[in-house]
Structure formats: structure tokens, C-alpha cells
Amino acid sequence: MLQHIIPSKTRRKTLALFFQNINQNFHLRKVAREIDEEINAVKRELDILEEEGLLKKEKRANKVIYSLNPKYFFYDELLRIFTKRCNLTQTILKNLSKIGKLKYVVLSHKFAKRQKLPEGEVYLLLVGIVVLPEVTKIIAEEEKNYGSEINYTIMTEEEFSFRKKNNDPFIWSFLKYPKIMILGEEENLMKS
């Protein structure tokens with residue numbers, strides 16, 4: 001579905017590479033290798049994205065290095081889009097019937113930005129009736145790709161509503177920060 005909004009396959013793959021490795025810098029050849037596209041096509045896309053202001057470029061020794069520009073006007077919107085296209089979210093969505101009957105699946109912005117979590121915080125909230133072994137299997141597999149532990153919590157709708165109404169600090173510390181809705185509507189998630 002993203003191909004209708006961003007018709008260039010090379011651009012989609014380039015954006016996904018940068019937004020799913022948000023703190024990394026890349027040079028032209030590495031981008032071409034990572035996304036398995038022709039170097040000329042990659043160069044053209046990098047030039048377009050740099051000219052637009054989404055990428056910054058800097059010369060280091062004999063290489064030109066590209067990185068994301070977090071001050072780009074649509075940075076957060078693109079971060080949300082490409083987080084919804086990452087392995088974890090796609091795996092969860094493809095396996096919804098095995099996972100159970102979920103009302104909400106929510107990722108913290110900290111997951112997308114690859115920020116370390118303070119003690120007691122989670123990257124992922126799942127609300128509904130959940131088959132725990134299925135979720136555990138998916139998370140364990142994704143931790144290999146992510147490169148670190150993916151903290152998550154699971155709650156029934158009743159527990160979630162009860163904890164929200166009673167101003168549970170754990171729930172509200174998750175809800176008050178920017179988040180990415182994978183399943184469900186944020187407006188309903190935040191209702192008391």
C-alpha cells in the first residue's frame with residue numbers, strides 16, 4: 001500500500017533503511033548493498049532526499065556520509081509510517097489470529113528511536129485476550145533483529161481500563177509519551 005504514496009521502490013527501501021536504523025549513518029555503497037538496488041538509482045534517491053532536507057550529508061575522508069535530519073518538518077510522521085512497516089509490527093499484524101483477540105497494539109516512540117528504557121518502562125503494550133506463547137515467540141525472534149530486549153506488557157481490556165481509571169503510574173507513564181498505534185484508535189485508547 002505504501003507504493004501508491006511513494007511510487008519509487010528504491011526511495012521506499014532507502015527511507016525504511018534510515019528510519020529503521022535511526023541512529024546510524026550510511027555511505028552510498030552501504031545503502032546500495034543493504035537495500036539491494038543499483039548504485040545509480042540509490043545515488044539519485046539520496047540526492048533527492050538530501051535536497052528535500054530529510055537527509056544530511058557530510059564528507060568524511062573520501063566518503064560522503066548520509067544521516068537523517070531530525071529537524072525535517074515531516075520527520076515524526078515518516079518515523080511513524082516506517083515504524084508501522086518494521087519487522088515487529090508486520091509480524092504482529094500478520095499473526096493477529098494466532099496472537100488472540102487484541103483491541104490495542106501500541107508501540108512507544110522510544111522503540112522507533114531506539115532509545116534505552118528506564119527501569120519499569122515498556123516499548124510495547126498489547127491489550128485484549130492474548131495467547132502468551134505466540135507473543136513470546138514473536139518478541140524473542142524480533143529481539144534478534146532489534147539487537148536488544150523488547151520490553152512489553154499484556155493486559156486484558158478490563159485491567160487496562162481499571163488501571164487507567166485509577167491513575168496507575170505505569171500505564172500513564174506509557175500513555176503520556178508519544179506512541180505509535182499499530183492496532184486500535186488513539187482517541188479510544190486515551191478515553192477514561
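The values are calculated or read from the model by the stated rules, or taken from the named source; none is laboratory data. Model, not experiment: these values are computed from the prediction. A quick note on method: Cβ atoms are made from the backbone with ideal geometry, for glycine too, and the neighbour counts reach across all protein chains shown.
Brief remarks follow.
- Condition check for Tyr72: within 23 Å of Lys179 (Cβ to Cβ), of a type outside the set (Lys, Arg) and either in contact with a strand residue (DSSP E or B) (Cβ under 8 Å, 6 or more places away or on another chain) or not in a helix (DSSP H, G or I) (or both): yes
- Considering the range 11-33, and only residues there that are out of contact with any Phe, Trp or Tyr (no Cβ under 8 Å at 6 or more places or on another chain) and surrounded by 20 or more Cβ atoms within 10 Å (Cβ to Cβ), the residue that is farthest from Gln90 (Cα to Cα) turns out to be Ala32.
- Restricting the range 8-42 to residues that are assigned to a helix (DSSP H, G or I) and of a type in the set (S, T, N, Q), the residue that is farthest from the chain's Cα centre (by Cα): Asn40
- Meets criteria (of a type in the set (A, V, I, L, M, F, W, C), buried (at least 16 other Cβ atoms within 10 Å of the Cβ) and within 30 Å of Val106 (Cα to Cα)) for Phe82: yes
- Count of the range 160-178 residues which are among the charged types (D, E, K, R) and either loosely packed, with under 14 Cβ neighbours inside 10 Å or in a loop (DSSP other than H, G, I, E, B) (or both): 3
- Subset of the range 104-157 [of a type in the set (Asp, Glu) and either assigned to a loop (DSSP other than H, G, I, E, B) or touching a Ser or Thr at 6+ places or on another chain (Cβ under 9 Å) (or both)]: Glu119, Glu121, Glu141, Glu142, Glu149
- The single residue among Tyr152, Tyr146, Tyr177 that is at pLDDT 95 or above, among the hydroxyl-bearing types (Ser, Thr, Tyr) and outside the structural domain of Leu68 (by TED's automatic domain parsing) turns out to be Tyr152.
- Scanning the range 48-67 for residues that are surrounded by 14 or more Cβ atoms within 10 Å (Cβ to Cβ) and either assigned by TED's automatic domain parsing to the domain that holds Ala112 or under 18 Å from Ile6 (Cα atoms) (or both) gives Ile48, Leu49, Glu50, Leu54, Leu55.
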